[in-house]
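Since the structure comes first, as structure tokens, the remarks are kept for the end.
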Amino acid sequence: MSHISISNNETIPLSSIPELDYPAFLEQNILSLKNSAGSHCVNYYGIPWNDNVRLICCIANDELSSINISSALVETGKPFNTFSKQNPAFEKFEREIHENFGIQYTDHPWLKPVRYPFNRYNKNENITDYPFFSIDSEELHEVGVGPIHAGIIEPGHFRFICNGEQILHLEIQLGYQHRGIEQLFIEKKKLLQRATLAENIAGDSVAGHTVAFTNLWESMCNYQPGRDLQLSRTLALELERIAVHTGNLSAMCTDIAYQLGSAVYGRLRTPIINFFQRWCGNRLAKGLIRAGKTNFPLTNELAAELTTLLNAYERDFEEISEELFNLPSALARFEKTGVLTREQAENLGTVGISARMSALERDIRYSHPHDLYRELNHQLLLKNHGDVHSRARLRKREIDQSIAYIRTLIQSIPGAGTQSVQLASPSPNSFTLSLVEGWRGEICHAAVTGENGELIHYKIKDPSFHNWMGLALAVRNNEISDFPICNKSFDLSYCGHDL
Amino acid sequence: MLDNLKILFHQGKQYIPDITTAELPGIFRGRPEISTEKVNEAELVDICPTNAITAGPVCIDLGKCTFCGECSFSFPNKIQFSRDYKISANERSKLIIREGINEPVELNPAVIRKEISDYFSGSLKLRQVSAGGDNSCEMELNACGNVNFDMGRFGIEFVASPRHADGIVITGPITENMAQPLQICYDAIPEPKIIILAGVDAISGGIFEGSPALNRSFLSAYTIDLYVPGNPVHPLTFINGVLELIKKRN
Ligand code: SF4
């Protein structure tokens, strides 16, 4: 086998990643996915390499809890066959490689721009002239929405082709939120600057992205975090899951005009994020997670407060959920709406709730556990129908599960064991990959260091990167009036995608 | 029906009765207080991820500060963050907090345009544009309208169409890719109109300052009516700032 197999958060010498010629690289990765059901691609990207491009492919094996890394050196401007032709889960990755490096793919089904980054290969392409798919027809009409939407949400453009009220096709154009984050990780040299960048990748996944960065960084510096740090990180991830899922249930109720649910779930989110404020002074947990230290040790008093708060939360949460999920008018809107079949989900390689809703077993907490997840022995929660209802139900059940995990976690609070230490500098000429199951799904950060341990490449993958295409397929043949509820139930990130 | 009433009853009263005097729970990093104690200023300046601290005299620029608190952890006798959340200002210079001066951040009435008080004091409709925002300020602006903060009680609301709006609230560092949509949206708002920058990213670019993916030229073309610091902005900071701005003045 011409790959190196690593575990989550393992740092390896860059030279240990086998370099294949492109046809062998393609064949190996496609075959490994075909032959092992529990495998999926967690990242596939290019690194500028002396005027050429080094492609790095990271395939996670969920059964063995490993990640297989392989690479190939290719020249820009040359034609290549795609992975996507044989496995559509690569379509977005290859579009990104094409956009960034001008790799010419001969048989890509949908070679469109991804985000119009400032350092794109072809500067003549502009976000205003995105090549939308269109159909010349008397009967069909197009509906364009965005980039600025009606509510207070991030920008993105949706172009529908409709037959009357029915959506035949949706194309989603992103890139408006592109801030050049990956490049800033290289340019901003201080650790605190990089932690701040991680916190600002997606403000609704502060814990998710910051834990990914922090675990990666500590691994590079050969630092093993103490139990207190691991507990804080696990707790932050589960609290973030509860807070966002609750807010999402509120928004879904808003979209079906169910006022009571909207108000009750909305206000239930408040004590959870206020707990973050009590703990670290910020409602969205910015500032909480730091490599090699914590400024906010978790105390017994905080744990006691959290217990009280969760008890109160749970009572009201169960009550409103009982009501919502038995309400015929709500169920009529949720059930069989916005379906993504298991086959589609698998083909696209969706992650997080957008996979588990269609019985696709994908959860880093289970397959590649980090921090205290191994101890929690995470049980997968799955639904079968892949519709709005499955997504809503899963959120409800995941909240229940998170509450149970938090109760277990805070049973015994380790004393503030970690003394603030000066982290060693990262290992030179190394590669590290970090996977975290955020509330939205699998987050992947990967880094490469140079001769003196300086960061020379940083790659971020938000779960939304996989899932946006899932939304586009799920709305087909639905009424356009159901689009908001479909969109909300996927709840994907624009800034996390655009970086 | 009975179930619904029961649910309603179980929620109790959730709204914050007085938005202007509400106390925040736990710790919060609001307006910093900087003592005149002598410290190694170079070391202090070097801590900050966003160059918000300058030396001689030591100042913190709330328009650049991400409120990470790191300076205060290293120099607790020099810098302490108070829980004062009223940190909005209508002049950029007012966001700079100097050592030894422990005063509230306030709006300067002299530079508030007369139309603002004339037209908007009883009702203000705002259009929000996220221009590279990370969805944290956006979530907090949404929270301004929830049952806890209930900004609607003051006649302040976010609306869908710029045509219905009296002003624009910008979040995010303003990306190149959003520069044009932002301009189009602003142009669509009828006169008179106001501009509010919400969050450190919008005010200074924050941690994204200097990124080649930004285009902040929009900001140099217009007068900014209100700066609301924060990462993200706290709903109380936003609501109180806006209330001060549109207060009836004769
Ligand atoms: S709290 Fe503000 S001033 Fe202090 S280090 Fe952080 S960003 Fe800089």
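Read-outs: derived from the displayed coordinates by stated rules, not from any lab. What you see is a predicted model, and the numbers here were worked out from it, not measured in a lab. Note that each Cβ is placed from the backbone with ideal geometry, even for glycine, and that neighbours are counted across all protein chains shown.
Summary of computed values
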{"item": "Relative contact order of chain B, defined on C-alpha pairs under 8 angstrom at six or more residues apart (%)", "result": "23"}
{"item": "Hz values of 3J(HN,Hα) by residue in the stretch A:242-258 - Karplus curve (6.51, -1.76, 1.60), Gly and Pro given as x", "result": "4, 4, 6, 4, 5, x, 5, 4, 4, 5, 5, 5, 4, 5, 9, 6, 9"}
{"item": "Length added when fully stretched, residue B:77-residue B:98, from 0.36 nm per residue minus Cα-Cα", "result": "6.1 nm"}
{"item": "Eligible aspartates and glutamates near residue B:86 by straight Cα distance, threshold 13 Å, same-chain separation 8 or greater", "result": "B:23, B:103, B:106, B:244"}
{"item": "Karplus-derived HN-Hα couplings along the stretch B:45-59 (A = 6.51, B = -1.76, C = 1.60, θ = phi - 60°), whole Hz, x at Gly and Pro", "result": "4, 5, 5, 5, x, 10, 6, 7, 9, 10, 9, x, x, 5, 10"}
{"item": "Computed lengthening from residue B:121 to residue B:108, 0.36 nm per intervening residue step minus Cα-Cα distance", "result": "3.0 nm"}
{"item": "Descending semi-axes in whole angstrom, ellipsoid equivalent of the stretch A:4-115, from the Cα gyration tensor", "result": "22, 17, 12"}
{"item": "Three-way shape call for chain A based on the alpha-carbon gyration tensor, with the a/c threshold at 1.5", "result": "oblate"}
{"item": "Rh (Kirkwood; distinct C-alpha pairs) - the stretch B:1-140, Å", "result": "18.3"}
{"item": "Links that overshoot a 32 Å alpha carbon limit, given the list A:488/B:13; A:189/B:193; A:123/B:94; B:38/B:94; A:286/A:396; A:286/A:488", "result": "A:189/B:193; A:123/B:94"}
{"item": "Among A:136-145, B:80-89, A:191-200, B:30-39, the order from most to least packed when residues are scored by Cβ within 10 Å on average", "result": "A:191-200, B:80-89, B:30-39, A:136-145"}
{"item": "Peptide ranges B:156-162, A:120-126, A:390-396, A:349-355 listed from the most packed, as the mean C-beta count within 10 angstrom indicates", "result": "A:349-355, A:390-396, B:156-162, A:120-126"}
{"item": "Reachable lysines from residue A:293, criterion Cα separation under 16 angstrom, eight or more residues apart if same chain", "result": "A:190"}
{"item": "Kirkwood Rh, Cα atoms: Rg over Rh of chain B", "result": "1.00"}
{"item": "In order through the stretch A:228-239: 3J(HN,Hα) via Karplus (6.51 cos²θ - 1.76 cosθ + 1.60), integer Hz, x for Gly, Pro", "result": "4, 5, 5, 5, 4, 5, 4, 4, 4, 5, 6, 5"}
{"item": "Residues whose placed amide H lies under 5 Å from that of residue B:82, excluding near-sequence neighbours", "result": "B:30, B:31, B:33"}
{"item": "Amide H partners (placed H, <5 Å) of residue B:156, local residues excluded", "result": "B:124"}
{"item": "Cβ neighbours within 10 Å from other chains - mean over A:272-284", "result": "5"}
